[in-house]
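Only one structure is covered here, and it is reproduced in the block below.
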């Protein structure tokens, strides 16, 4: 490791830790004021942001990025307005800090309180979406955490401009400017150093593709909260209402096919496959969805004149993130549960049924972060759950599972009040 | 990696995962029955256990282990009775599973329930204490988790005998025998393989010295919950009651000096150092505690005729785990808070004071898993907190902080009930 890079990154982490101790006891109003100030500052600084973003876009085009990739880097006026709006929304959310989560008095008179506090210092590692810079900084700040942001090379100029505005807003609100810091280099070695600073940084959140997440999980000595994508199932039970089954399958698949809570796999109970699969298959096909089927599903669809393709075994565990779905016929509820637990990714899975005992069995047996009965898998989302904001959907089982909002960016500590108690 | 070792360890993990899905929906009574059966089985199997333990002890002596090390490996009749008793206690604790932690109905009519569920598969990596084998298996089983136990070479024969009894009790209670598995080799390469099986194992808990924990944290791609030891402080404020200050300092230091929540560092406010330090120092010295002091503390103790030594800078961040304590004088409450946050390990820290605003400021500002006002640091403990059992004291900030009992061995999932809702 280059000596000066190690010093640079370590110094960022040490300053973040110091800032985090101030943030942990900062008034709610100061954190909200910084967020509100930043919203206005971003709106007033369009010229600066556009100039910086323009440099990133020019480099992206020169480097041959596809138009879709360039589009992801672009901060349009609408996106800037959306950033400011979302900052104001985060400012308006209740402060998660200080809530007493549990209280007890022990037989020896000790009074225990378990109180929500920030985690401390959070490292956010992300790729090329500039809104992530502002969103993650805002959520960490609101929850009293210092953040260290490490974004992708393609968006470095934009991030630098945004980080400068964030720093100004922190100063204006009387909060430590080191509360939010951007790693001022995109050198990969800086990331390697960062991921091992476990005495200063308490949590790493990678936001990006599976490759980034895996790299971070394999190289970090700091605890990581992962946001992998999902292999989500909709199971159409034998007691499913036909119209509801069609509607939930179609919505889960096509409403936004590129996201983690979109359905990738359909299971249909054999007793109703003949009646329901043609209807569901035709509805999906009408939306442009390719159907990759097992033999039974393929035969039923063929008999009904709905085009399908034969699935390969790998298709049954695949996350397509596209207008493609794998379809299988299962013989029983328990087979559906076992299939989902074996082939899914424990993310978001749904049953469509009018049979309450079947639904109860499914919800108990399917080991996923969110299990839906008669609702679309697309509802596994912090906003839909009423969190007001989300930093992602955790696919881990420790700390936070499913949508992560402000409370999931917090830890707790125990406050113990005595009158001189000692242990015997 | 040897091919057959990889197969062996992977097969254990795959079978643990399958067992975990059964355990997650197993009746409370079956898990409790297995624990009660194991208590009786251990009591009836003293001969087998003694024979296996005797082989470990003979090898330990042949390998030149110290008498203290051999003692730690020894399962005396009292320790066996204690094991059985603690199994019955865990069986009697309430089932943590199934509790509804939150409930909400969204404006679109979706009903959300956040329900406590097991984590899944937990790998416990430990060293040479045979009680850890049974304790960890019991806590994981009670909380519905499958466990994979990997103990030290020195205790392998004893662990094998205990694992065989556990397997019999699981079978007797109608639970999958793969719910608790011992890695049947102490080959270090098996540990390296285990720590990377992140698609089957959900959490690793290392129980042992700092070297083991660091090795696990650096080599695991599975989330780790660490139980590091503690650099704990007692701060004697200027408004401290003298008798209470003496009693809490002495208890925090000497009641059990070798454990993580014992005090290692004493801070005394300058305004009362002249009056209180001689008394506290003499009380500690009377218990055989060596006092390593800064210049001010040393001068006060010298003036009072209490023997002390000059501390080196490193002593002020050291965990002695022995009858040794570092002593400093501080000028103000805020200096005490900053010193603890800088030099401590965020484990268990106490203030002794009759001044409520000072206590409130200390409890808010000290960033530790448990902060005590007028009570000994030794109370940071799952039993003392009323958890009924503990697997350790987490020094992490994610998932569990401080004492980890049955609830901290659990995750949660979201159950979402609808009437056909789809996202617009």
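Data table
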item: Calculated [θ] (222 nm, deg cm²/dmol) that DSSP helices of n ≥ 4 give over chain B, each run adding -39,500 (n - 2.57); result: -14000 deg cm²/dmol
item: Chain A: most fluctuating residue of A:392, A:98, A:120 per GNM, C-alpha cutoff 10 Å; result: A:98
item: Counting DSSP beta bridges with both ends in the stretch A:52-177, the antiparallel % (nearest 5); result: 50 percent
item: Ranking of A:6, A:395 by count of other Cβ atoms within 10 Å, fewest first; result: A:6, A:395
item: Relative contact order (percent, whole number), chain A, Cα cutoff 8 Å, 6+ residue spacing; result: 18 percent
item: Fully extended contour minus Cα-Cα distance, from residue A:25 to residue A:279, at 0.36 nm per residue; result: 85.6 nm
item: Residue among A:106, A:378, A:153 with the largest mean-square fluctuation in a Gaussian network model of chain A, springs linking Cα atoms under 10 Å; result: A:106
item: Prolate/oblate/rounded call for the stretch B:89-217, Cα gyration tensor, a/c under 1.5 rounded; result: prolate
item: Global geometry of the stretch A:312-424, whether rounded, prolate or oblate, following the gyration tensor of its Cα atoms and the 1.5 cut on a/c; result: prolate
item: Translational diffusion of the protein assembly as shown, µm² s⁻¹ [Kirkwood Rh, Cα pairs; Stokes-Einstein; 20 °C; 1.002 mPa s]; result: 74 µm²/s
item: Directionally averaged projected area (convex hull, Cα atoms, the stretch A:10-73), nm²; result: 6.8 nm²
item: Among A:143, A:247, A:345: highest mean-square fluctuation, GNM of chain A, C-alpha pairs under 10 Å; result: A:247
item: Three-way shape call for the stretch A:235-334 based on the alpha-carbon gyration tensor, with the a/c threshold at 1.5; result: rounded
item: Taking only Cα atoms of chain B, radius of gyration then Dmax in Å; result: 24.4, 81
item: The stretch B:191-350, relative contact order in percent, only Cα pairs under 8 angstrom and at least six apart counted; result: 26 percent
item: Estimated inter-spin distance, residue A:192 and residue B:8, nm [label 7 Å along Cα→Cβ]; result: 3.4 nm
item: Helix axis angle, B:356-365 relative to chain B longest principal axis, alpha carbon, degrees; result: 50 degrees
item: Tail fraction, Cα-Cα pairs, the stretch B:3-228, threshold 29 Å, whole percent; result: 29 percent
item: Residue order, fewest to most surrounding Cβ atoms within 10 angstrom, among B:383, A:372; result: B:383, A:372
item: In degrees, nearest ten, helix B:156-172 long axis to first principal axis of chain B (Cα); result: 50 degrees
item: Inter-part distance where the stretch B:292-309 and the stretch A:212-233 are each reduced to a Cα centre, Å; result: 52 Å
item: Rounded tilt (10° steps) of A:210-219 against the dominant C-alpha axis of chain A; result: 50 degrees
item: Considering only the stretch A:280-408, percent of DSSP beta bridges that pair antiparallel, nearest 5; result: 25 percent
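Only the coordinates and a few stated rules stand behind these numbers; no lab work does. Note that this is a predicted model, so its numbers are computed, not measured. Backbone-built Cβ (ideal geometry, glycine too); neighbour counts: all protein chains shown.
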